[in-house]
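These notes concern the structure reproduced below.
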Amino acid sequence: MLSRAWLDIDLAAVVRNASKLADHSGVALLPMIKADAYGLGAVPVANALEALGPVAYGVATVEEGRELRDAGITREIIVFTPLLESDLPETAALSLTPTLGFPTEIESWKIYGSPYYLSVDTGMHRAGIPWREVASLSSVLKTSPPAGVFTHFHSPGLDDDTMSEQLARFDSALKHLPSIPAFIHTDSSAAIVRHNRSSVNAVRPGIFMYGVGSGDTAKFQPEPVVYMRGRIVEIRDVHTGDTVSYDATWTASRPSRIATVSLGYADGYPRNASNRGVAIVRGRTVSIAGRVTMDMTMLDVTDTGAETGDVATLIGDPRESGASIDVASVAKLAAMSPYELLTGLRNRIERIYK
């Protein structure tokens with residue numbers, strides 16, 4: 001293996017993480033594989049998850065649905081972002097299921113005679129019919145009933161009572177429906193973990209499947225999925241007082257050996273980890289020296305015996321290395337969301353699937 005940099009993606013861990021959520025909730029899975037499965041590859045992830053028999057997959061755009069259809073995925077695919085009327089013909093042609101909230105949207109979709117999901121806004125104020133207005137849909141829902149209904153929690157990862165408040169709003173909205181749809185779902189990853197057995201019949205796991213949990217107080221944690229690795233392409237000796245990388249933010253306090261890894265922020269490793277992040281080289285924890293640059297990152301490998309061609313792991317499994325280099329830890333170090341880190345992993349580097 002001579003790649004300059006790559007991602008190792010453990011699809012078996014994705015499946016085990018999803019299975020853990022299914023066992024915990026006791027209901028059907030509707031895995032979210034939008035944004036290219038959070039940056040890990042929608043088609044490989046969907047193919048792996050097929051073993052669990054999910055009721056559908058969730059995407060954000062018609063284009064994402066088309067990619068899955070072109071790859072041979074025949075299961076129901078739900079588009080969770082509101083669509084323009086101009087999107088509807090292709091949505092129907094690809095047998096995708098839109099999420100609708102307002103009478104005009106439902107009327108526009110009616111001519112296609114295909115299922116849709118009713119989106120109820122219980123406080124996110126992003127998409128869907130506000131819970132206060134569901135009663136106004138009575139007439140159109142009688143002639144065009146939805147196949148499912150759902151809402152989205154805005155703060156499932158926080159230790160507050162907002163989920164309970166939103167659930168109460170959602171329950172109130174359900175009472176105004178002419179009939180109860182076959183599928184009802186409310187829980188994303190963090191909500192699944194916080195709740196016990198589900199009171200509805202489906203859940204929507206997302207980031208938990210990809211190796212990111214809901215904090216240290218969560219009932220259980222996922223297995224790591226993503227490993228970012230790069231090759232050491234150069235090693236140089238620097239003297240005390242020498243500086244490394246842009247803006248000279250790192251200064252050698254002793255004679256040091258600096259390794260250049262052919263991986264940078266254009267590959268998705270965060271620039272904000274400059275001078276703060278760590279990597280694993282030859283089983284040892286080493287520090288990032290200086291600014292992370294677009295295509296290269298420098299490491300202080302003094303006393304490690306590292307050589308050109310060695311592999312450096314910048315994101316991986318802390319249980320193997322003892323270093324805080326899992327996705328959540330690197331994201332926190334870089335003052336960014338783990339969602340942002342995952343979806344920012346660039347296609348410039350190869351993905352290798354286990």
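The values are calculated or read from the model by the stated rules, or taken from the named source; none is laboratory data. Quantities reported herein were computed from a predicted structural model and do not represent experimental measurements. When we count neighbours, we look across all protein chains shown, and the Cβ atoms used for this are built from the backbone with ideal geometry, even at glycine.
The table for this structure:
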{"read-out": "Residues located in segment 243-274, provided they are among the acidic types (Asp, Glu) and either buried (at least 22 other Cβ atoms within 10 Å of the Cβ) or in contact with a Gly (Cβ under 6 Å, 6 or more places away or on another chain) (or both)", "value": "267"}
{"read-out": "Qualifying residue in segment 74-90 (condition: at negative phi, crowded, with 22+ Cβ neighbours inside 10 Å and in a helix (DSSP H, G or I))", "value": "no"}
{"read-out": "Selection count where residues are buried (at least 18 other Cβ atoms within 10 Å of the Cβ), small (Gly, Ala, Ser) and touching a strand residue (DSSP E or B) at 6+ places or on another chain (Cβ under 9 Å), scope segment 161-197", "value": "4"}
{"read-out": "Yes/no for residue 51 being surrounded by fewer than 18 Cβ atoms within 10 Å (Cβ to Cβ), without any contact (Cβ under 8 Å) to a residue 60 or more places away in the chain, under 30 Å from residue 139 (Cβ atoms) and not charged (D, E, K, R)", "value": "no"}
{"read-out": "Criterion violated by residue 277 - all others in (1) under 20 Å from the mean Cα position of the chain (by Cα); (2) crowded, with 16+ Cβ neighbours inside 10 Å satisfied", "value": "(1)"}
{"read-out": "Some residue of segment 9-24 being assigned to a loop (DSSP other than H, G, I, E, B) and in contact with a strand residue (DSSP E or B) (Cβ under 7 Å, 6 or more places away or on another chain)", "value": "no"}
{"read-out": "Criterion violated by residue 308 - all others in (1) part of a loop (DSSP other than H, G, I, E, B); (2) buried (at least 16 other Cβ atoms within 10 Å of the Cβ) satisfied", "value": "(2)"}
{"read-out": "Hey, residue 265 in contact with a strand residue (DSSP E or B) (Cβ under 6 Å, 6 or more places away or on another chain), aromatic (Phe, Trp, Tyr) and at pLDDT 95 or above or not", "value": "no"}
{"read-out": "Test set (1) at pLDDT 95 or above; (2) part of a helix (DSSP H, G or I) - residue 319 fails condition number", "value": "(1)"}
{"read-out": "The lone exception for residue 181 - which of (1) touching a residue at least 60 places away in the same chain (Cβ under 8 Å); (2) under 20 Å from the mean Cα position of the chain (by Cα); (3) under 17 Å from residue 55 (Cβ atoms) it fails", "value": "(2)"}
{"read-out": "Test: residue 285 is part of a loop (DSSP other than H, G, I, E, B), β-branched (Val, Ile, Thr) and either surrounded by fewer than 21 Cβ atoms within 10 Å (Cβ to Cβ) or free of Cβ contacts under 8 Å to residues at least 24 places away in the same chain (or both)", "value": "no"}
